[in-house]
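Some notes on the structure that comes next.
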Amino acid sequence: MKSKELSALAVASIKNRGIHFVGGVTGLALNVTKYGSRSWVMRYQIKGRRRDMGLGAYPSVTLAQARESARAAREVLRQGMDPVEHARAARQRLIVEQETAVVFADAATHYIATHEHGWRNAKHAQQWRNTIETYANPVIGKVALRDIDVAMVRRILEPIWTTKNETASRVRGRIESIIDWGITMGYRTTANPARWKGHLEHLLAQPSKVARRTRQPALPYADMPEFMQALRKQHNTSARALEFLILTGVRSGEVRNATWSEFDLDKAVWTIPAERMKGGREHRVPLSEQALRLVRAQQEVSFCDFLFPSPNRPRDPDADGAPLSDMALTAVMRRVELQQKAVPHGFRSTFRDWASETTTHSNEVAEMALAHSIRNRVEAAYRRGDLFEKRRQLMQDWADFVLGRQPSSNVVSINEGFRLAA
């Protein structure tokens, strides 16, 4: 027998304990407990079993809303499914979707946080953050990992692929790594849309075809003695750091982050640990007489563990201190009006040109002085030494040259060097 369809006013007047069918949809009833609370249920049978499906509390759920939910449940029942189990499965899917709806920006933050301790330095982690924030997040930062597609990745890469290819290639690789992390974590089940091999390589030009590598601006070696005279007139920590960089042929970060524990002044050796080297291998630097004097002078005014500490920190003996910023050495070069002619990293090229064109030192000694990798795999497999003593003589000849002292017999005159190079 079909129940009489009650009005909202009639439903509101129901107070007696028990199940009260309200009509409109078969099985819809208002359940009143012994404590007086009221809620909606839909009573039905499936496979000979009676079930009550809860549809929410009254009056939070109105009569009209309860009837709408009951009709939907009846439609599920008509299709041969149990409305209770169907609703439970829907809730479970929603929970899974919410748990796996990790957006790219959050995934990137977590990925960097869990991997940065294994990277070479803090600058590398900051480069990850900067490129993701600048290029990736504006397009996919708020998109769930599972929803990122090829079109989105192309929107990130195509505007910079031909104009900033090196940066674009790094961005692509970083996006791929973050999404791979998401796949491993279960946040995505489909293939990585940022992968290169067999995928984006068919949609974007090969990096080798569009990349335009430019050499770092470098000062001609013939101008080095004059430049060093000007540099020595600058009386500050940054100038001494730049001078030390030139004398040792190393990179800016290796100088700025140098600590006293890395030096053996009795043996005139600076050992840069592997984690601070670009190539990931420990590098021993022989200190010339001039470089050693510079280090000893820094030792006399030392107030923390850094050889070239930032002057912006208080000179507190108990403080840890901080290294010079990455712009400190560039600022020195601007003060001596060389910002258009050279950059700090360019002095490695200057040194290399000088060694090749004006000295009898071998190429392999010069390459090892710059901590370059041996490209020949066979030679690299058999190489055990680091030509340290030969490099010591090379670095002494270089220091003598740039500081205007009479070089050894390994160095020819500049004019003769030009003739030999020609």
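Observations, loosely collected:
- Scanning the range 27-59 for residues that are exposed (fewer than 10 other Cβ atoms within 10 Å of the Cβ) and not charged (D, E, K, R) yields Tyr35, Gly36, Gly48.
- Long-range neighbours under 7 Å by Cβ, at least six apart or interchain, first residue more than 19 Å from Thr134 (Cβ to Cβ) within the range 100-113, second crowded, with 16+ Cβ neighbours inside 10 Å: Thr100/Arg146; Thr100/Tyr187; Ala101/Ala144; Val102/Ala144; Val102/Leu145; Val102/Gly182; Val102/Tyr187
- Annotation: Leu204 fulfils all but one of (1) assigned by TED's automatic domain parsing to the domain that holds Arg293; (2) in contact with a Leu (Cβ under 7 Å, 6 or more places away or on another chain); the unmet one is (1).
- The residue that is surrounded by the most Cβ atoms within 10 Å (Cβ to Cβ), among those in the range 157-188 that are in contact with a Ser or Thr (Cβ under 9 Å, 6 or more places away or on another chain) and part of a loop (DSSP other than H, G, I, E, B), is Arg188.
- Condition check for Leu287: in contact with a Phe, Trp or Tyr (Cβ under 8 Å, 6 or more places away or on another chain) and either polar (S, T, N, Q) or in contact (Cβ under 8 Å) with a residue 24 or more places away in the chain (or both): yes
- Members of the range 214-263 found to be over 22 Å from Ala369 (Cβ atoms), polar (S, T, N, Q) and touching a residue at least 40 places away in the same chain (Cβ under 8 Å), listed by number: Gln229, Gln234, Asn236, Thr237, Ser238, Ser261
The values are calculated or read from the model by the stated rules, or taken from the named source; none is laboratory data. Here the structure is a predicted model, which means the values were calculated and not measured. A quick note on method: Cβ atoms are made from the backbone with ideal geometry, for glycine too, and the neighbour counts reach across all protein chains shown.
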